[in-house]
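The values are calculated or read from the model by the stated rules, or taken from the named source; none is laboratory data. Source: prediction; values computed, not measured. Cβ atoms come from the backbone with ideal geometry, glycine included; neighbour counts cover every protein chain shown.
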């Protein structure tokens, strides 16, 4: 009954999610005529994207000091 | 007699026609209501549940079965569910409502100005900074006000301004709260700075960014400093209809729409000088609004 994902799996997942969200938030904040109308809190989206990116960096740092 | 009959029959047909039209409109109204309900009935709250419940289940099963794939699916579904919950907007309303809510204020000011037969101009008077200590009897000086003068000459004294009076006698005029005061507070909150602490150049750079990108009150906004004048150009501002209403509001030209008024308040706060809306110009298609502000030397 253990959680099946290892640290490297979570690291990869964080990286992929961070990239997806960062691209989305960048596309939305450029506010073209279409994406400018998307009803979403763009600031929070960017915040989440950055948080995930930082999470990924944290896993990388952990990996440097404590290889898993 | 035959004419009367004809009249009656035509009246009957008109009534029937009107009844049918009303029925049709009622049906249309009901359909529109249903459509609105459908649109309102899909809040992001439901989407959140749709993602989170299967996500949580997948995560639980992944732990029981020790399955990596289920764990990835569960993690992603839960994450997106939480994300949808997190990035929900506070509340959005149609921008056309902004005009309607501001219309009453401008109509009232128009009536006051017309009733008092004022022909003067409006001066945005800079308030004292919030941090500065003022005795109770001078606290009125901390409120940003617009002085609408009865004629073109004279400024109210500090004592008169401190009393927070509406009707001023020397010089003749009225002191009102700027229509863009609330918006200015919002702009300052978005900028994270008090306008009084900004330089004029900084203000001209940061204010258009906040108006266009953060609050989306206009499609484009430009501010330029030209000697003692400041030029403002707004493309498709949220309050553009105020300039072209059937009522032909006069006050919107000398006070500015709430955006122009908020800019005037910010300029007064940043420079510590009185600001006058010298002139404005609306493009023939009503999409572009240009405002010229003048900074007036010397305090009130």
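Structure data summary
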{"read-out": "Matching option when the condition is closer than 30 Å to residue A:25 by Cβ and under 17 Å from the mean Cα position of the chain (by Cα), among B:202, B:222, B:190", "value": "B:190"}
{"read-out": "Residue B:264 modelled with pLDDT of 85 or more and surrounded by fewer than 23 Cβ atoms within 10 Å (Cβ to Cβ)", "value": "no"}
{"read-out": "Test result for residue B:209, part of a helix (DSSP H, G or I) and surrounded by 14 or more Cβ atoms within 10 Å (Cβ to Cβ)", "value": "no"}
{"read-out": "Filtered residues of the range A:1-13 (kept if more than 10 Å from chain B (Cβ to nearest Cβ) and buried (at least 17 other Cβ atoms within 10 Å of the Cβ))", "value": "A:11"}
{"read-out": "Per-region count, the range B:152-179, residues on the phi > 0 side of the Ramachandran plot and at pLDDT below 75", "value": "1"}
{"read-out": "Criterion violated by residue A:28 - all others in (1) facing chain B (nearest Cβ under 8 Å); (2) surrounded by 13 or more Cβ atoms within 10 Å (Cβ to Cβ); (3) modelled with pLDDT under 85 satisfied", "value": "(1)"}
{"read-out": "Index of the failed condition, residue A:35 passing every other in (1) more than 20 Å from residue B:79 (Cα to Cα); (2) at pLDDT 75 or above", "value": "(2)"}
{"read-out": "Filter result (in contact (Cβ under 8 Å) with a residue 12 or more places away in the chain, within 10 Å of chain A (Cβ to nearest Cβ) and either assigned to a helix (DSSP H, G or I) or farther than 20 Å from residue A:49 by Cβ (or both)) within the range B:75-105", "value": "B:75, B:76, B:79, B:80, B:82, B:84"}
{"read-out": "Members of the range B:212-252 found to be in a helix (DSSP H, G or I) and either free of Cβ contacts under 8 Å to residues at least 24 places away in the same chain or touching a strand residue (DSSP E or B) at 6+ places or on another chain (Cβ under 6 Å) (or both), listed by number", "value": "B:212, B:213, B:243"}
{"read-out": "Output for the range B:62-71, where each listed residue is surrounded by 19 or more Cβ atoms within 10 Å (Cβ to Cβ) and facing chain A (nearest Cβ under 7 Å)", "value": "B:62, B:71"}
